[in-house]
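Structure first, commentary second.
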Amino acid sequence: MDETEDESYAAFLAERREEILQRIAEAAARAGRDASEVELLAVSKTVDVPQVDLAWKVGYRAFGENRPQELVRKLKGIASYPQMASARFDMIGHLQTNKVREVVGNVTLIHSVSSLHLAEAISKRGVGHDVTSDVLLEVNVSGEESKSGFSPDEVRAALGDILALPALRVHGLMTMAPAHDMDAARRTFSGLRELRDELASRSGLDLPVLSCGMSDDFPIAVEEGSTIVRLGRTVFDPSYVLG
Ligand SMILES: *Cc1c(COP(=O)(O)O)cnc(C)c1O
């Protein structure tokens, strides 16, 4: 991109960010929540490092990537932008056990711990490298076959073993809602919150973090208690129409 393109893209990013923050504030108000409880994670998987830099300049501070290889590429890229040294990167996508080495120690939060086996691999890697990973447990609340994550029963069964792992701290739960069905999305988000309440009271832990809500459904997620919305298209794509 040349400079004028940069400027107009940055103007789009800034304006859209204000609109998104407004939508979050309105949704929080409808639910009697404080908007400051909701973190906005800009999902940068479809854009390149210069666009991440522009997003940083308009105020985004936290980014999400869904593939380990692309995460590593982005981290290498932003190393040449010193102002972004404190940028937060989270891993939000499906993670295979043979890829944990690319993620552990490189991210602030892993949203997508989807099995006991993966939790064990993350902890094992952490023990070897003196890193305790902050994680969320991904739960397939809607039961769609295409979605990864623990079933609610699996997470109930595995929680004790996961909490016993030495190099892992569980902060809450993450889910993805079915697309194009706002009623199903709401049921998914409220189901995630109820499951969190149940697991928290059983374990005696707080589990304060609920990572849910994407471009099409984040206001509903905020109404239902989300504390991190993961937004890609609505942040970065000028052709995406914010509903
Ligand atoms: C891509 C992605 C998002 C963002 O989706 P949008 O619909 O573009 O907002 C959120 N979470 C995960 C896990 C993703 O892979």
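The values are calculated or read from the model by the stated rules, or taken from the named source; none is laboratory data. Quantities reported herein were computed from a predicted structural model and do not represent experimental measurements. Counting neighbours? That spans all protein chains shown, and the Cβs are built from the backbone with ideal geometry, glycine included. Please note that ligands, DNA and RNA were not included when accessible areas were found on the heavy atoms of the full protein model with its side chains. Shrake-Rupley method; radii C 1.70, N 1.55, O 1.52, S 1.80 Å.
Run the simple label-point estimate for residue 2 and residue 198 please: 7 Å along Cα→C-beta, distance reported in nm.
5.9
Roll a 1.4 Å probe over the protein chains and send me the accessible area per residue for segment 144-237 in Å².
For segment 144-237, the solvent-accessible area averages 43 Å² per residue.
Expressed as a fraction of 2.2 N^0.38 Å, the rule-of-thumb size for a compact globular protein of N residues, what is the C-alpha radius of gyration of segment 1-107?
1.19
Give me the accessible area per residue for segment 1-45, probe 1.4 Å, as a whole number in Å².
58
Can you list which of the DSSP-assigned H helices in the chain have a Cα extent of 30 Å or more along the long axis and an average Kyte-Doolittle score of at least -1.0?
3-30, 182-203
Residue 187 label point, 7 Å along Cα→Cβ, cut-off 20 Å on backbone N: hits in segment 196-226?
196-198, 212-214, 216-226
Ignoring ligands, DNA and RNA, what percent of the accessible area of segment 3-236 is carbon or sulfur (1.4 Å)?
Reported share for carbon and sulfur atoms: 48 percent.
With the crude spin-label approximation of a point 7 Å out along Cα→Cβ, what separation in nm comes out for residue 154 versus residue 48?
3.8
Determine, at each q value in 0.13 (inverse angstroms), the log₁₀ of I(q)/I(0) that the Debye formula gives when each Cα of segment 188-230 is one equal point scatterer.
Debye intensities relative to I(0), on a log10 scale: -0.26.
What does the accessible area of residue 117 come to, in Å² to the nearest 10, when a probe of 1.4 Å is used?
120
Given R₀ = 30 Å, FRET efficiency for residue 31-residue 11 by Cβ-Cβ distance, to 0.05?
The pair residue 31/residue 11 has a calculated efficiency of 0.45.
Extension gain residue 144-residue 233, at 0.36 nm per residue separation less the Cα-Cα distance, in nm?
Residue separation times 0.36 nm, minus the Cα-Cα distance, leaves 29.8 nm.
Quote the accessible area belonging to residue 233 in square angstrom, nearest 10, computed with a 1.4 Å probe and with ligands, DNA and RNA left uncounted.
The accessible area of residue 233 comes to roughly 120 Å².
List, largest first, the extents of the alpha carbons of the chain along their principal axes, each in whole Å.
55, 43, 31
On a C-alpha basis, how far is the centre of segment 82-149 from the centre of segment 1-47 in Å? Whole number, if you could?
Cα centres, segment 82-149 to segment 1-47: 24 Å.
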